[in-house]
Amino acid sequence: MEVESISQLISGVIESDSFKNMLEKVNCNYPNLKQENHIRNLILEELNERFKGTDVKAFAEHPRENKTRADLSVVNKNNPESPIKIEFKYQFSGDFKSLSDYSFMIRNDFLKRNSDLFILVIANWNIADKQKFDDTWKITPSLNRYIAKSEIWKSNVLKSFEEFKDAKLKPLDAISISRPYLVEYHFYMLQRI
């Protein structure tokens, strides 16, 4: 079990039609929440489906080391002391000044925690569409305040990854879902090399 093979497996999960359908279900059920744990759990569940009948299993919030815990790990029971550790972050496109200096977060979760993979999920939507949904259901406070007013966040986030020379970045194609309003999810995977 190598980081590269797990990275490819996770990419395959995220790029699958079934994941898109599950992501839409998450947004239908949790449109007023940050969805980091829900998305992490979707990936964990799908990994464990693919690991059935093997000596490998995915776990959330494991291992716990130095008062921290990995968001997700992949463990081979023949070598449980060396799990592949994966950190997740979920951000809205307007977070941290449209992600203009997001590298500090990557340093913290990827470098300081000695993670093998860092997966960043960024949600973006049309503010007017979301406001109409929120108004219909009287949802407050609105998450619209965390959405960027321009597309500058896309170049900002890529710049934030540039300083990590001992890693390779794999931006995945955006996933667009339409219910209960149009949302684009952008996934970025940073793998230690």
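The values are calculated or read from the model by the stated rules, or taken from the named source; none is laboratory data. Nothing here was measured: the structure is a model prediction, and the numbers come from that model. Quick reminder, even Gly has a Cβ in these numbers, built from the backbone with ideal geometry, and neighbours come from all protein chains shown. The area values use the complete protein model at the heavy-atom level, side chains included, leaving out ligands, DNA and RNA. Shrake-Rupley method; radii C 1.70, N 1.55, O 1.52, S 1.80 Å.
Based on alpha-carbon centroids, what's the gap between the range 51-67 and the range 68-87 in Å, whole number please?
About 5 Å separates the Cα centre of the range 51-67 from the one of the range 68-87.
Heavy atoms only, probe 1.4 Å: what % of the accessible area of the range 20-71 goes to carbon and sulfur, would you let me know?
44
Run through the DSSP bridge list for the range 15-157 and note the antiparallel percent, rounded to the nearest 5.
Percent antiparallel among DSSP bridges in the range 15-157 is about 60.
Tell me the trypsin sites (Lys or Arg not before Pro) within the range 33-101 that lie in a loop according to DSSP and have at most 10 other beta-carbon atoms within 10 Å.
For trypsin sites (Lys or Arg not before Pro) across the range 33-101 that sit outside H, G, I, E and B with at most 10 neighbouring Cβ atoms in 10 Å, the list reads K52, K67, K77.
Using the beta-carbon distance between K34 and N78 and R0 = 30 Å, what value does 1/(1 + (r/R0)^6) give for FRET efficiency, to the nearest 0.05?
Efficiency at R0 = 30 Å is approximately 0.25.
If I compute Cα Rg over 2.2 N^0.38 Å from the structure I just sent, which labelled value in (1) 1.04; (2) 1.99; (3) 1.29 lines up?
(1)
Restricting attention to the range 141-185, which GluC sites (Glu not before Pro) occupy a DSSP loop and are surrounded by at most 10 other Cβ atoms within 10 Å?
E162
To the nearest 10 degrees, how steeply does helix 127-137 sit against the main Cα axis of the chain, on a 0 to 90 scale?
80
Using the structure shown, select from K85/K149; K112/K170; K52/K112 the pairs with a Cα to Cα distance greater than 29 angstrom.
Details: K85/K149 34 Å; K112/K170 21 Å; K52/K112 32 Å.
Violating the 29 Å limit, Cα to Cα: K85/K149; K52/K112.
Using a 1.4 Å probe on the protein chains only, how many percent of the accessible area of the range 138-193 belongs to carbon and sulfur?
Here carbon and sulfur together make up 54 percent of the probe-accessible area.
7 Å from Cα along Cα→Cβ at both E163 and F59: what's the point-to-point distance in nm?
3.2
Could you report the chain's accessible area per residue, 1.4 Å probe, as an integer in Å²?
Spelled out: the 1.4 Å probe surface of the chain, per residue, equals 52 Å².
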